[in-house]
Amino acid sequence: DTVTFQQPPAIVWATPAPILYGTPLSATQLDATSPLPGSFNYSPVAGTVLPIGQNTLTATFTPTDTTDYTNQTATVTLTVIPATPLVALTASVNPVFTSNPVTYTAALTVPASAPSAPTGTVTFYDGTTLLGSGVVTASVATFATTASATGIHSITAVYSGDTNYTTAASPILSEIIQDFTLTLPGGNGSTVTVPLGGQATYPLVITPLGGATLPTAVSFTMSGLPPGMTAAFSTDVVAAGSSATDVTLQVFLPG
């Protein structure tokens, strides 16, 4: 009698390079070969997103010649490392008047195939000065504050990282903080003498500081007039985007 012993086929499968969290398995990792004709089945299958750490991949080879060869299995270890999110920083108002409210928002972008969103915190800085921090919720963190001194401020957002994602920083956001002056031109002082029943007229000029135009609208009101007096401005609001603007204040005296 002739006895034929089935042989296990050879499998060549190099350890794949580490991949970032959120990267689906593909032929780049599932690339085992054999010198014999046949087919491979993998576990986990292509398209699977693996957790952080070391993961075992298994390849089962079924040879075409099942008379002389048996099925053969091979394994390799694939390391999944944390991914780095993109951090986009925006401001609710820019430019903004000093002492006015402004909210900074950091949005984190990760691979669409990643099974979990980033967690942790985002810390906001003005240059090297810490402004504050916000908790990441649905890949977004915010921080509300009031604009500080006039000038151009370099705002950045730094993500803390978590188990699946590394720390990351946003590009610099140049926040322009402005002010304005309200003056009586011509050096005519602030005192006007008028008769009873007359009116006092004050020519005013509102001028942007730290920029060529006003970042937001400026409104005018008058308070503290003596009883019987009324006042009116030539305009109650100077619109955002205005340059230096003349505004006339009139105060009407009782008879």
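The values are calculated or read from the model by the stated rules, or taken from the named source; none is laboratory data. Not measured: the values here are computed from a predicted model. Cβ sites come from the backbone with ideal geometry, for glycine too, and all protein chains shown count toward neighbours. Accessible surface areas use protein heavy atoms only, side chains included; no ligands, DNA or RNA. Shrake-Rupley method; radii C 1.70, N 1.55, O 1.52, S 1.80 Å.
Note the full-extension length gain between Gln54 and Ala240 as 0.36 nm times their separation in residues minus their Cα-Cα distance, in nm to one decimal.
61.3 nm
Which whole-number value in Å³ per residue fits the convex hull of the alpha carbons of the stretch 68-189?
Spread over its residues, the Cα hull of the stretch 68-189 gives 128 Å³ apiece.
By how many nm would the segment from Ala88 to Thr248 grow when fully extended, if each residue of separation counts as 0.36 nm and the alpha-carbon distance is taken off? Mind showing how you got there, number by number?
Numbers: separation 160, 0.36 × 160 = 57.60 nm, distance 4.41 nm.
Gain in length upon complete extension: 53.2 nm.
Would you mind computing the Rg to Rh ratio of the stretch 116-255 from its alpha-carbon coordinates, Kirkwood style for Rh?
Rg/Rh for the stretch 116-255 comes to 1.24.
Along the Cα-to-C-beta direction of Thr128, a point sits 7 Å from the Cα; which residues of the stretch 164-179 have their amide N less than 15 Å from that point?
none
In Å and on Cα atoms, what radius of gyration and Dmax does the stretch 113-183 show?
Rg then Dmax for the stretch 113-183, in Å: 15.3, 59.
Given a 1.4 Å probe and every protein chain left where it sits, what share in percent of the accessible area of the chain is carbon and sulfur?
57 percent
Pop the C-beta distance of Thr67 and Thr163 into the FRET formula with R0 = 41 Å and round what comes out to the nearest 0.05.
It comes to 0.25.
How large is Rg/Rh for the stretch 185-255, to two decimals, with Cα atoms and a Kirkwood Rh?
Using only Cα positions, Rg/Rh for the stretch 185-255 is 1.04.
Kindly give Rg over Rh for the chain, based on alpha-carbon atoms, with the Kirkwood expression for the hydrodynamic radius. Please report the intermediate quantities before stating the final value.
Values: Rg = 35.2 Å, Rh = 24.8 Å.
With Rh from the inverse mean 1/r over Cα pairs, Rg/Rh is 1.42.
Give the average over all directions of the projected area of the C-alpha convex hull of the stretch 57-102, one decimal, in nm².
The Cα convex hull of the stretch 57-102, projected and averaged over all directions, gives 6.7 nm².
Run a plain Debye calculation on the stretch 16-95 (Cα atoms as equal point scatterers, no solvent) and give log10 I(q)/I(0) at q = 0.15, 0.20, 0.21, 0.26 Å⁻¹, rounded to two decimals, same order as the q list.
-0.62, -0.88, -0.93, -1.21
With contacts defined as alpha carbon pairs under 8 Å and 6 or more residues apart, what's the relative contact order of the chain in percent?
Working: 598 pairs, mean separation 36.1, N = 255.
Reported as a whole number, the value is 14 percent.
Can you tell me the accessible area per residue over the stretch 58-111, all protein chains present, probe 1.4 angstrom, in square angstrom?
Computed with neighbouring chains in place, this is 46 Å² per residue.
Mind checking the log10 I(q)/I(0) for the stretch 8-153 at q = 0.15, 0.16 Å⁻¹? Debye, one equal scatterer per Cα, no solvent, two decimals.
Reported log10 I(q)/I(0), two decimals: -0.82, -0.87.
Within the stretch 56-100, whose backbone N sits under 15 Å from a point 7 Å along Cα→Cβ of Leu36?
Under 15 Å, as judged by backbone N against the label point of Leu36, lie 60-74 of the stretch 56-100.
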